[in-house]
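The structure appears below as structure tokens.
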Amino acid sequence: MTPPGALDALADLDDLAEVGRDRDRGGYSRHLWDDAELELREWFRARATALGLDVEQDRNGNLWAWWGQPGPGALVTGSHLDSVPGGGAFDGPLGVVSALEAVGRLRRSGVRPERPVAVVAFAEEEGARFGIACLGSRLMTGSVDPARARALIDGDDVTLEQAGRRCGFDTDGLGPDPERVGWIEQFIELHIEQGRGLVDQGSAVGVASGILAHGRWALSFHGQGNHAGTTPMSDRDDPMIAAAQAVLAVQRVAGATSDGRATVGRMSVVPGGTNVIPSEVRLWVDVRSATDVEVRSMVAEIAAEVGATSFRQESWSGAVTFDPDLAARVAGVLGDVPILPTGAGHDAGVLSESLPTAMVFVRNPSGISHAPGEFAEAADCAAGVAALETALRDLLR
Ligand code: GLV
Ligand code: MN
Ligand code: MN
Ligand code: MN
């Protein structure tokens, strides 16, 4: 156990190594308000409190740890604690533990900021439980309707409202929080890189220039459920066939673009019996590209090809360009590290519509992410913490 006030980001990740381990899929499954995610929230409260920070939860379920009185002019850093199903150890938590450590170091080194500083852990960043990525930051900035959020359902048909109630969180308060957004003068999110950009450029850390446009669409295909043994092939209305053709269409449409990406990563078969012709197949498509127009046109092409019974947008994030002055300032103070784009979504992208935000990336040797093989070297994680500390120190000058 690390003594209070002397936190260490890598020791913290080690402390969390057993929380939410997914024995079936490998890696971690930590989803909004499940046992693992609630344990991570308790851990965050304890760690931040040990550092001398004041912890509060906002109306949208995001956790804040304040150094100084919450209010205008705040310099905020952090990321998220939740994961995709079977995700890696770093996507999210690395940014939170690094933020806590960087802020802890600034405190110990005698910095006396003239404005508030906070570490934040945003809720449901991956959207793995309720389908909308960056839900906590989107609710805060007002880009998701709270009534829609309360009615979202998870894979077990539990609504977000019910899920909140089960853990004592009242979702009646969900909604835009302009006062809090107005407090944030800059937000910096540290994150493991989710590609090989920094490996290719030979740098332990880098700064983000922007994020690809991306969104999620839920498709369903209906047919006639029936018996696998008694129904002749000529007499079937099997929605699995149309769903399989849709998967191929998604691949074909994205494959014909220069840098578009489209993925079917989730599918559910109703009722899901080996000896049952399905009555319905649902699948989810994730589409990304450099511009909003490119994504929209890929989606239109997919929709025209697949003939789904329903085709519904679940979430949308327009292309992001991070504040170029802040990116240049952070990259400069880190010794002119690379500035590079990413295809992954982040709360920093959501906040960038409202205020100057920047991201610090930590090298990922294989580029693997959203999978158990996600990895960063200890030395690169340490370089990430040092970079974040340097950037925060510079912004507090
Ligand atoms: C989240 O990490 C995403 O990019 O989907
Ligand atoms: Mn992620
Ligand atoms: Mn992430
Ligand atoms: Mn993300």
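Here are a few things to note about the model shown:
- Criterion violated by A348 - all others in (1) outside the structural domain of R180 (by TED's automatic domain parsing); (2) under 19 Å from the mean Cα position of the chain (by Cα) satisfied: (1)
- Residue ID - nearest to L396 (Cα to Cα), chosen from residues in the range 65-90 that are away from ligand 3 (no atom under 16 Å from the Cβ) and not hydrophobic (A, V, I, L, M, F, W, C): G73
- Any chance T263 is in a strand (DSSP E or B) and of a type in the set (S, T, Y): yes
- Residue match in the range 357-372 (condition: more than 16 Å from ligand 3 (Cβ to nearest atom) and farther than 30 Å from S109 by Cα): yes
- For the range 159-196, the set of residues classified as away from ligand 4 (no atom under 16 Å from the Cβ), closer than 29 Å to G71 by Cβ and of a type in the set (D, E, K, R) consists of D170, D172, D177, E179, R180, E185, listed by residue number.
- Unique match (being within 14 Å of ligand 1 (Cβ to nearest atom) and at pLDDT 95 or above) among E101, E56, E126: E126
- The number of residues in the range 354-386 that are over 22 Å from E101 (Cα atoms), more than 16 Å from ligand 4 (Cβ to nearest atom) and not polar (S, T, N, Q) comes to 5.
- Just one of the listed residues (V97, V84, V55) is away from ligand 4 (no atom under 16 Å from the Cβ) and touching a residue at least 12 places away in the same chain (Cβ under 8 Å), namely V97.
- L160 passes every criterion in (1) closer than 22 Å to L334 by Cβ; (2) buried (at least 21 other Cβ atoms within 10 Å of the Cβ) apart from (1).
- Filter result (surrounded by fewer than 24 Cβ atoms within 10 Å (Cβ to Cβ) and either in a helix (DSSP H, G or I) or within 16 Å of ligand 3 (Cβ to nearest atom) (or both)) within the range 91-124: R105, L106, R107, R108
- Filtering the range 63-83 to residues that are surrounded by 24 or more Cβ atoms within 10 Å (Cβ to Cβ) and in a loop (DSSP other than H, G, I, E, B) leaves L81, D82, S83.
The values are calculated or read from the model by the stated rules, or taken from the named source; none is laboratory data. Remember, predicted model here, so these are calculated numbers, not experimental data. Every residue, glycine as well, gets a Cβ built from its backbone with ideal geometry; the counts of neighbours run over all protein chains shown.
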